[in-house]
Amino acid sequence: MGTNIQSFMAIMKVPPRRSIASIGVAQNNFKANASTLAVSGSNAGNAVALETSIRQLLVNGNSKAALENAKQLHKSEHTSASESLLLEAYRARIQSLLDQNLALEAKSLIRLVAERFPNAQALLNDVGQVASARSGDLAALLKPLNDPELSAERRADLERIIQTQVSDLRALAECAALPPEHSLRQAAAALDRAFDAATSGPVNEEQIALPEVSHRSPLAPWKLLIRAIACLHRGEDQQCRDYLASIKPESVPARLVPSMQAILGADTKADSLKSPERVLISRVGGNLSDLRSALEQVDRAFSGEDDNQIFKAVHAAVRECQRSAPDRLGTLKQIIHVRGGSTGLDAKRLATSLDGEPRRDAAYFRMFSRALEIFGDDEPYDLAEACELWDEFRQHALREGIFTAQSAEMAQLYLHMTDTLRQIPAKLLKEMQQGGGFGRKQPQGDERYYLYPEKLFARACVIDPHPEAFSQWLSWANDQSVAMGESVAKEWHRIRPADIEPLLHLMKQSEKRNAFPSALAYLEKAERIDAIDSTVRAARLRLLAAAAIRHLQQKKPRLAMEKITEMAELPQSQQADRPGFLAALRTLTCAAAKDQEGMERSMHEAEALLGGLPAALLLFGIAAAAKCLDLASVPDAKALKPEGRKTIPASLARVMAIAKDFKIGKFSLPGSYIDEAEKQFPQVADALTLEQISALGEIGIATDHPKLAWATSTAGLKRAGPTEAFFLLLRARALPQYFNDRRRALASAAAELARFQRDTEVVDQAVEMLRDPFGGDSFSLTLEQAREIARKEAASPSFPGIFDSGPDYSELFSDTLCECADCRRARGEEPSMFNDEDRSEEGIFEDGLEMNETEMRRIFNRSVPKEIPPDMAEMLFKVMKEAFQSGEAPEKLLSQILGGRGGTKQKKGRRGK
Amino acid sequence: MNAYEVLGVAENASEQEIRTAYLSKVKEFPPEQSPQEFEGIRDAYEALRDPRKRAEAMLISTAFMAPLVSLIDSRPANRVFAGPQLWREVLKTK
């Protein structure tokens, strides 16, 4: 409030302005006083009391009650004193109306008072001017400024009113009471233009320079405000704060300071702000808190079950987004529509909640396709529909210029669609291909290309003939059929003749069907592309060896000899034990050709190169592969002298390494030698290299000699080092299947150590073993846990049996609860699969050994499939127990009871003899 | 933040736009001064520079499944030019 009005109030003894709350209290007081007035109004002595009451009401800020009582008093007294008090009450009431922003009402009251009390005109001048200023009627306020005789004091008073009361710059600029060239009008017009500009868009310095407004002008605070607004929008927050701090607090522009400070991040209490201020802050400041809570509400509603809640929340969020972040509205509607569509919400109601359908563009179809892929992973029709929608995405992406028809991105899209189709069972996909579309259209001809992986691959590879794309196509085709795989490999070779991969594929396929000339022809092409490729280099020797063995099998020793001669000319055939292999192969070929002299010469050469026993074992293995065992024979291992028997493990390991080098299929070793190796191994293990030990371990697994494999794994683990992972895996493979927990622990430890040692081959094999449907759930170990397992295993050399199941890894299976009756009882559970009725049988068995039935039950429970009914399982357990009592080995027993699951799994073609 | 957001480019940005954005970000966060930010920028560029990887990243994106507030999380609190009327409403109050 201006000083002028304050001084006026002091003269008139008008009480200071009160808060709304104070007025409320005063009104209550007035009711009590009014009641008193009614009783004692006619009493002259009471007039003094009433006057005192009126003054008290004025002091209390209750101008309305004071005015009513003053009117009554003046009506009854009609004295100059009562008139003066009445005018005082009018003055207070007018001021109160102005304080309540009721300028028009104040003006009306001023007019009324001036009519009734002409002498009071001068008294009401100031409040009248304020009322005029507030209501936009500035003529009365400004007119005196035209008077050249206007005192400086009066001018200053008027300027203060302008500064503190005039909020309408345009009205000031257009006020006819001043001439158009008047500096105040000029300044107001310039400020009004600048204010509009600064609040509507970016402004330059020139626009807000405002030379028309001097710093002495009553409108100077506006200049500071406009600059502050410009800085606010430019992000020049500190400068904005500086301008705001310079604005006079009593001036009109200062009314915007709290709002602007809130936008700048000042901690402002929401309830201290008026409604227009809150709106301004929200709209200008980009305050998204309302939208944030609306969006959170939508997320919560979607996670609930009530569709109505979803629609309600969606509607509110869309409205709020429209208001506060319209730039995000399109995407929001798309996302909600996709979510609603993939969760089966009513489409019409959803569209209504969204205030209309979302925009159907590439982004929308991308989201919808992806949602179907994610949520439809177990619903093949959703996956097929996802591919149809990917095609819609493709068309929109082309139209929107996201990518072009012949781009790598387009090829990637086709490959992505094949990935999706590959999740659909082949038979069902075939049915889909033969059937119609998915409800939206009935495609014709090639339109339904998106359901055919071969068409998608072809499109991808034509657009972007990238090796990775061909590789994916070849992998898929090979899964369909060998012929399709070869066809794709040929297409790959045709389009990218410099790639070696399709040639190697064609070579391997030819080799598999013993078409060695074709295989060698493809190899020659591959050699021309990259002769130093390791696969290519190894392939020629291997192919020639396989071809020679094949010729031997076909009783064509001459052709076999040609291949051997060719092999001998290769420089790589002179490395390691390869000359020995050539000599052995030549021996057999000469024998087949009945070339006695050549046979003996070659045999001597082989023996000289490899040693007597290894040469004999190698001859045996090659002869077995060539199905001409009549040409090679070895004596029974038991017939060898003790010294000779001790060399068997090393000899087998050496021969195995050669067979592995040449990848000889159907290579076999005599069984008596493997049995003997199992016996001899503990005595000779320390003298063997790690390579020999691991080769023997593989022989043990391949020929169903788990104890040999077990012994080699123990020896290997004792030596520690980088082969630990291999030997842990070997141990897991050697372990009887019913030691499920230990197998899982070993395979998991092998995987972890192999990862650390970057041995991808062992990682793959271990992961594959953990994926075995009978292998239980996989779990992960820390590196330290894996090392601890390796240490424990190295210290547990004995092959596990029913009485010695080895280290206990149960603490690693915290998620796996023991199902034995004792443990179940300890957990307060009912004995499930087995009841405890048979516990009376626990004790001494016929063989005199005390058998722990709980342990037996534990092992049995872990091995028995869960789907077996409890009564059937109990019966099986009894059979196992009885068989055990009759002296059968527990391993075989479990194997017999549980069939393939309980016994050692054998793979076709892996048996050595 | 996905790679597009790190570099501040649209999902349909061209290779040239991606490169320009990358160079600009590297200038803003040089490796010797902001090694962590630079690492993120480099990773984002690697993911987007190859059109195949870029396309695959776009195709498998699950950003739309994130909580909806993520729509405005990355939105800068940009101030809005709301026009003079809202400002005048506040000026009228006392």
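The values are calculated or read from the model by the stated rules, or taken from the named source; none is laboratory data. Just so you know, these numbers come straight off a predicted model, no measurement behind them. For neighbour counting, all protein chains shown are included, and Cβ atoms are generated from backbone atoms with ideal geometry for every residue, glycine included. SASA here: full protein model, heavy atoms, side chains in, ligands and nucleic acids out. Shrake-Rupley method; radii C 1.70, N 1.55, O 1.52, S 1.80 Å.
Quick notes on this one:
Yes/no per residue for (1) over 16 Å from the mean Cα position of the chain (by Cα); (2) over 25 Å from A:Ala408 (Cβ atoms); (3) at the interface with chain A (Cβ under 9 Å from one of its Cβ atoms); (4) outside any loop (DSSP other than H, G, I, E, B):
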{"site": "B:Ala21", "(1), (2), (3), (4)": "no, no, no, yes"}
{"site": "B:Met58", "(1), (2), (3), (4)": "no, no, yes, yes"}
{"site": "B:Leu86", "(1), (2), (3), (4)": "yes, yes, yes, yes"}
{"site": "B:Leu91", "(1), (2), (3), (4)": "yes, yes, yes, yes"}
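- Filtering segment A:505-515 to residues that are on the phi < 0 side of the Ramachandran plot and surrounded by fewer than 21 Cβ atoms within 10 Å (Cβ to Cβ) leaves A:Lys508, A:Gln509, A:Ser510, A:Lys512, A:Arg513, A:Ala515.
- Total residues in segment A:92-132 satisfying the condition of being part of a helix (DSSP H, G or I) and within 14 Å of another protein chain (Cβ to nearest Cβ): the figure is 10.
- Test for A:Gly304: is it open to solvent by less than 60 Å² (accessible area, probe 1.4 Å), of a type outside the set (A, V, I, L, M, F, W, C) and more than 25 Å from the chain's Cα centre (by Cα): no
- Neighbours by Cβ (under 9 Å, 6+ apart or cross-chain): first from segment A:682-699, farther than 16 Å from A:Arg731 by Cα; second of a type in the set (Val, Ile, Thr) and outside any helix (DSSP H, G or I): A:Val684/A:Thr647
- Unmet requirement for A:Phe365, which otherwise passes all of (1) open to solvent by less than 60 Å² (accessible area, probe 1.4 Å); (2) within 30 Å of A:His416 (Cβ to Cβ); (3) outside any helix (DSSP H, G or I): (3)
- Criterion (hydrophobic (A, V, I, L, M, F, W, C) and either out of contact with any Asp or Glu (no Cβ under 6 Å at 6 or more places or on another chain) or surrounded by fewer than 24 Cβ atoms within 10 Å (Cβ to Cβ) (or both)) met by exactly one of A:Leu729, A:Leu708, A:Leu717, A:Leu753: A:Leu729
- Sub-8 Å Cβ pairs linking a first residue in segment B:43-68 that is closer than 30 Å to A:Phe302 by Cα to a second residue that is among the β-branched types (Val, Ile, Thr) and open to solvent by 40 Å² or more (accessible area, probe 1.4 Å), at least 6 apart or interchain, are B:Thr62/A:Ile374; B:Met65/A:Ile374, ordered by first then second residue.
- Those residues of segment A:681-705 which are among the polar types (S, T, N, Q) and open to solvent by less than 30 Å² (accessible area, probe 1.4 Å), in sequence order: A:Ser694, A:Thr703
- Residues in segment A:467-494 that are open to solvent by 60 Å² or more (accessible area, probe 1.4 Å) and closer than 22 Å to A:Thr404 by Cα: A:Glu468 only.
- Residues that are open to solvent by less than 70 Å² (accessible area, probe 1.4 Å), part of a loop (DSSP other than H, G, I, E, B) and at pLDDT 75 or above, drawn from segment A:768-783: A:Leu781
- The set of residues in segment A:535-558 that are over 52 Å from the mean Cα position of the chain (by Cα), touching a residue at least 12 places away in the same chain (Cβ under 8 Å) and open to solvent by 10 Å² or more (accessible area, probe 1.4 Å) comprises A:Ile549, A:Arg550, A:His551, A:Gln553, A:Lys555, A:Pro557, A:Arg558.
- Residue within segment A:560-579 that is more than 16 Å from A:Lys627 (Cβ to Cβ), open to solvent by 40 Å² or more (accessible area, probe 1.4 Å) and among the hydroxyl-bearing types (Ser, Thr, Tyr) present: yes
- Number of positions in segment A:239-264 that are small (Gly, Ala, Ser), more than 10 Å from chain B (Cβ to nearest Cβ) and over 15 Å from A:Trp222 (Cα atoms): 1
- Options A:Ala190, A:Ala140, A:Ala133; residue that is among the aliphatic types (A, V, I, L, M), open to solvent by less than 20 Å² (accessible area, probe 1.4 Å) and closer than 16 Å to A:Ile94 by Cβ: A:Ala133
- Candidates in segment A:323-353 are the residues that are more than 22 Å from B:Met58 (Cα to Cα) and within 13 Å of chain B (Cβ to nearest Cβ); of these, the one that is surrounded by the fewest Cβ atoms within 10 Å (Cβ to Cβ) is A:Pro326.
- A:Leu280 passes every criterion in (1) open to solvent by less than 20 Å² (accessible area, probe 1.4 Å); (2) closer than 23 Å to B:Ala82 by Cβ; (3) among the aliphatic types (A, V, I, L, M); (4) away from every other protein chain (no Cβ under 11 Å) apart from (4).
- Residue in segment A:159-168 that is in contact with a Leu (Cβ under 7 Å, 6 or more places away or on another chain) and free of Cβ contacts under 8 Å to residues at least 40 places away in the same chain present: no
- All of B:Pro30, B:Pro67 fail the test of being part of a loop (DSSP other than H, G, I, E, B), at the interface with chain A (Cβ under 9 Å from one of its Cβ atoms) and either touching a Cys at 6+ places or on another chain (Cβ under 9 Å) or open to solvent by less than 80 Å² (accessible area, probe 1.4 Å) (or both), apart from B:Pro67.
- Filtering segment A:265-277 to residues that are more than 19 Å from A:Arg241 (Cβ to Cβ) and at the interface with another protein chain (Cβ under 10 Å from one of its Cβ atoms) leaves A:Lys274, A:Ser275, A:Pro276.
- Positions within segment A:299-322 being more than 15 Å from A:Thr352 (Cβ to Cβ) and within 11 Å of chain B (Cβ to nearest Cβ), in sequence order: A:Asp299, A:Arg300, A:Ala301, A:Phe302, A:Ser303, A:Glu320, A:Cys321
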